[in-house]
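**Student:** Input: one structure, supplied below.
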Amino acid sequence: MNILTTEDARFIDREVPKQLGVSLEILMENAGRGIVDALWGQYDLFSLDNARSINSFVLFICGTGNNGADGLVAARHLMEQGVPVQIVLVGDTSKCSDLFALQLERCEAMGCIIDMYDEFNDWSNVAVAVEGIMGTGLTGKLRDLTVDVLHDIDTMRSQYNFDLWAIDVPAGLDATTGQIAEGTLAYDYTVTFGAIKQGLLLYPGKAVGGIAVVAPLGAPWQKVLGDRDITVTIDSNLAEKLINYRIPMAHKGVNGNALIIGGSNDMIGAPILAAEAAVHSGAGKVTLGVPEVIKPVVQGRIIPEVMVTSTEAHKAMLEGRQVVAMGPGLGRTSDIPDFVDSILDSYEGPLVLDADALYALGHVGSVDKDALRDGEIESIYAVERDLPYCVMTPHLGEFSRLIDLPIKWIERHYITLAREFAKKHQVVLVLKGIPSVVALPDGTVYVNTIGNAGMGSGGMGDVLTGVIAGFISQGYSLQDSAVLGVYVHSRSADILNDTKAWGYTPSDVSTSLGCVISELLGE
Ligand SMILES: NC(=O)C1=CN([C@@H]2O[C@H](COP(=O)(O)OP(=O)(O)OC[C@H]3O[C@@H](n4cnc5c(N)ncnc54)[C@H](OP(=O)(O)O)[C@@H]3O)[C@@H](O)[C@H]2O)[C@@H](O)CC1
Ligand SMILES: Nc1ncnc2c1ncn2[C@@H]1O[C@H](COP(=O)(O)OP(=O)(O)O)[C@@H](O)[C@H]1O
Ligand SMILES: [K+]
């Protein structure tokens with residue numbers, strides 16, 4: 001499923017009328033109708049009952065831009081259907097958008113009840129409130145007046161207990177970054193147009209949008225996006241498309257030979273988790289390379305399917321592998337950067353770099369903060385160190401070190417930075433956050449839509465590394481392995497979260513991977 005940013009939505013506004021001959025007014029008509037359909041999907045609007053009176057109505061709170069105009073269209077449709085509605089206007093109507101003026105004229109001609117916000121004071125009959133104060137047109141911080149209005153709505157909601165819907169995005173939510181301005185409310189539902197807005201999938205926006213309902217615009221806007229970078233969701237539909245059946249004749253030689261490199265005196269669990277996850281995701285043969293000194297302990301602990309070798313003989317260790325995944329538990333001692341470099345120099349096959357292998361790389365590029373702030377995409381990121389074609393799986397802390405930028409900045413420009421990094425370095429980046437994203441060298445970014453808070457336990461990332469390596473060894477491309485890996489990992493955790501009340505572990509996620517693969521294959 002596609003994801004749209006504010007810039008994409010504006011582009012669609014501009015280009016659909018030009019290229020497809022469908023005017024903005026028609027798009028708006030469909031948007032308004034989409035709001036109505038979504039409301040009907042949730043309530044019987046003919047018997048609105050707020051448990052207080054039989055005179056309940058749907059309240060549209062409209063700003064003076066096109067977001068408010070969408071609300072006016074929806075109100076008009078509901079009026080035609082005989083559903084009680086009322087409109088209140090927020091802002092200066094003398095400065096409204098052209099389409100707002102047109103829609104307001106129509107509502108007035110129909111005799112719709114319309115008040116200015118200040119004139120409206122009896123909320124007792126509101127059954128559902130729909131906010132169209134602003135959508136993708138937000139600029140800067142919310143003005144004090146708007147914050148007061150939102151605060152009012154919130155107070156009334158607590159008092160009268162009506163559901164609150166947002167049109168397109170909640171007022172105050174940045175539809176691209178998911179950042180929210182002070183005063184932004186939490187909603188029960190958001191009806192968003194064309195495709196889900198990126199900001200509704202990223203925190204903190206994801207926490208305030210409520211249930212997202214996508215309403216179609218009535219024109220195939222995908223056709224006008226051209227060569228713009230696209231963003232899509234990672235969900236079961238996508239994973240089902242990517243997963244392959246094993247041919248009946250597949251033997252362990254066909255399913256690949258994976259090597260995991262990691263471990264140090266203080267960390268033996270991380271590489272074990274990664275290697276075992278590679279086994280559970282279906283790799284034909286898995287070998288774990290660890291320092292000689294911990295080899296006996298590791299051998300004593302790991303499942304018997306994994307062979308254990310010593311990293312001291314590293315040239316021989318690399319031979320015949322379909323994939324090498326390096327990093328879990330490797331440690332941060334002064335010898336590690338040289339060790340990592342020597343592996344990168346000696347091995348030319350597919351690589352997954354995680355954890356301490358990423359730490360060993362140090363800074364690999366730099367970010368121009370001014371360009372980032374101003375959205376000057378081309379000059380945001382400069383490469384300082386070339387990387388081999390690989391999958392990199394940093395969490396935010398590791399990514400912060402790689403690009404030498406504080407985490408706060410990364411959180412604010414999450415998708416943009418992931419995309420620019422993958423494009424400029426020509427690598428597959430799995431940025432592990434909440435949610436995780438996968439960015440490809442061609443600029444496509446996938447945003448994970450599943451997973452749960454139970455995944456926040458040590459070792460969860462090591463399992464993901466093993467899963468991705470496991471898929472690569474079986475012949476999936478690096479990008480498909482990354483996307484599929486993220487899905488399967490989170491889905492396994494979701495199944496455990498539903499079935500095991502509390503406290504599932506990364507090992508549980510690993511051993512349950514097979515259930516997810518069966519589910520995807522419809523077995
Ligand atoms: N292709 C699509 O996706 C389609 C999109 N469509 C719809 O168009 C919407 C975008 O409409 P848009 O561009 O007119 O802007 P919009 O969201 O109404 O915001 C402008 C209003 O907000 C106000 N305002 C701004 N910042 C503020 C602040 N900080 N604090 C306070 N106020 C602030 C601003 O006030 P002003 O600055 O003018 O005084 C003005 O009143 C989009 O979300 C979707 O619903 C559909 O109709 C069809 C197809
Ligand atoms: N609250 C959460 N919701 C969804 N996914 C989460 C959550 N917390 C952690 N995760 C996932 O768990 C994994 C943690 O990885 P990482 O931080 O590398 O762990 P570790 O270093 O302990 O192995 C990532 O895939 C991350 O996306
Ligand atoms: K809105």
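The values are calculated or read from the model by the stated rules, or taken from the named source; none is laboratory data. Just so it is clear, the model here is predicted, and its values are computed rather than measured. Here the Cβ is made from the backbone with ideal geometry for all residues, glycine too, and neighbour counts use every protein chain on show. Protein only, heavy atoms only, side chains kept; ligands, DNA and RNA dropped before computing areas. Shrake-Rupley method; radii C 1.70, N 1.55, O 1.52, S 1.80 Å.
**Student:** Kindly provide the set of residues from segment 308-357 that are of a type in the set (Gly, Ala, Ser) and either in contact (Cβ under 8 Å) with a residue 12 or more places away in the chain or buried (at least 19 other Cβ atoms within 10 Å of the Cβ) (or both), ordered by number.
**Tutor:** Of the residues in segment 308-357, the ones of a type in the set (Gly, Ala, Ser) are 310, 313, 316, 320, 325, 327, 329, 331, 334, 342, 346, 349, 355, 357.
Within segment 308-357, Ser310, Gly320, Ala325, Gly327, Gly329, Gly331, Ser342, Ser346, Gly349, Ala355, Ala357 meet the criteria.
**Student:** Separate question: Could you tell me whether Ile12 is near ligand 1 (Cβ under 10 Å from one of its atoms), more than 19 Å from Arg157 (Cβ to Cβ), open to solvent by 60 Å² or more (accessible area, probe 1.4 Å) and β-branched (Val, Ile, Thr)? Walk me through it before giving the result.
**Tutor:** On the way: near ligand 1 (Cβ under 10 Å from one of its atoms): yes; more than 19 Å from Arg157 (Cβ to Cβ): yes; open to solvent by 60 Å² or more (accessible area, probe 1.4 Å): no; β-branched (Val, Ile, Thr): yes.
So Ile12 fails the test.
**Student:** Shifting gears a bit: Under 8 Å by Cβ, and 6 or more places apart or on different chains, what pairs join a residue from segment 81-100 that is over 9 Å from Cys62 (Cβ atoms) with one that is among the polar types (S, T, N, Q) and away from ligand 3 (no atom under 16 Å from the Cβ)?
**Tutor:** From segment 81-100, the pairs are Pro84/Asn55; Pro84/Ser56.
**Student:** While we're here: If I filter segment 202-224 down to residues being in contact (Cβ under 8 Å) with a residue 60 or more places away in the chain and of a type in the set (Gly, Ala, Ser), which single residue comes out as most open to solvent (accessible area, probe 1.4 Å)?
**Tutor:** Going through the qualifying residues, I end up with Gly218.
**Student:** Sort through Gly451, Gly503, Gly514 and tell me the only one that's under 26 Å from Gly199 (Cα atoms) and of a type in the set (Gly, Ala, Ser). Can you show your working first?
**Tutor:** Working: Gly503 fails: under 26 Å from Gly199 (Cα atoms); Gly514 fails: under 26 Å from Gly199 (Cα atoms).
None of the other options fit; the residue is Gly451.
**Student:** Given (1) in a loop (DSSP other than H, G, I, E, B); (2) modelled with pLDDT of 95 or more; (3) not aromatic (Phe, Trp, Tyr), where does Asp49 come up short, assuming only one miss?
**Tutor:** (2)
**Student:** Taking Thr231 and the conditions (1) more than 24 Å from Asp374 (Cβ to Cβ); (2) away from ligand 3 (no atom under 16 Å from the Cβ), which numbered condition does it fall short on, given that it satisfies the others?
**Tutor:** (1) is the only condition that Thr231 fails.
**Student:** How many residues does segment 506-516 hold that are closer than 24 Å to Thr233 by Cβ and open to solvent by less than 30 Å² (accessible area, probe 1.4 Å)?
**Tutor:** Going through segment 506-516 one residue at a time, the tally reaches 4.
**Student:** Oh, and also: Quick check: anything in segment 65-77 open to solvent by less than 10 Å² (accessible area, probe 1.4 Å) and touching a Pro at 6+ places or on another chain (Cβ under 9 Å)?
**Tutor:** Initially, segment 65-77 is screened for residues open to solvent by less than 10 Å² (accessible area, probe 1.4 Å), giving 68-69, 71-75.
Checking which are touching a Pro at 6+ places or on another chain (Cβ under 9 Å) leaves us with none.
The answer is no, given that none of the residues of segment 65-77 is open to solvent by less than 10 Å² (accessible area, probe 1.4 Å) and touching a Pro at 6+ places or on another chain (Cβ under 9 Å).
**Student:** For residues that are open to solvent by 60 Å² or more (accessible area, probe 1.4 Å) and within 10 Å of ligand 1 (Cβ to nearest atom), scanning just segment 78-111, find the one that is nearest to Asn30 (Cα to Cα).
**Tutor:** Out of the qualifying residues, it is Asp98.
**Student:** Also: So, of the residues in segment 398-410 that are free of Cβ contacts under 8 Å to residues at least 24 places away in the same chain and open to solvent by 20 Å² or more (accessible area, probe 1.4 Å), which turns out to be farthest from ligand 1 (Cβ to nearest atom)?
**Tutor:** If we filter segment 398-410 for residues that are free of Cβ contacts under 8 Å to residues at least 24 places away in the same chain, which is where we start, we get 400, 406-408, 410.
When the remaining residues are screened for being open to solvent by 20 Å² or more (accessible area, probe 1.4 Å), the result is 400, 406-408.
Values: Ser400: 29, Pro406: 25, Ile407: 26, Lys408: 21 Å.
By that ranking, first place goes to Ser400.
**Student:** Hey, another quick one. Read through the list (1) assigned to a loop (DSSP other than H, G, I, E, B); (2) at pLDDT 95 or above, then give the number of the only condition that Ser124 fails.
**Tutor:** Tallying (1) assigned to a loop (DSSP other than H, G, I, E, B); (2) at pLDDT 95 or above, Ser124 fails exactly one: (2).
**Student:** Confirm whether Gly135 is part of a loop (DSSP other than H, G, I, E, B), in contact with a Pro (Cβ under 8 Å, 6 or more places away or on another chain) and touching a residue at least 60 places away in the same chain (Cβ under 8 Å).
**Tutor:** no
**Student:** Of the conditions (1) part of a helix (DSSP H, G or I); (2) modelled with pLDDT under 95, Asp229 fails just one. Which one is it?
**Tutor:** Result: Asp229 fails condition (1) only.
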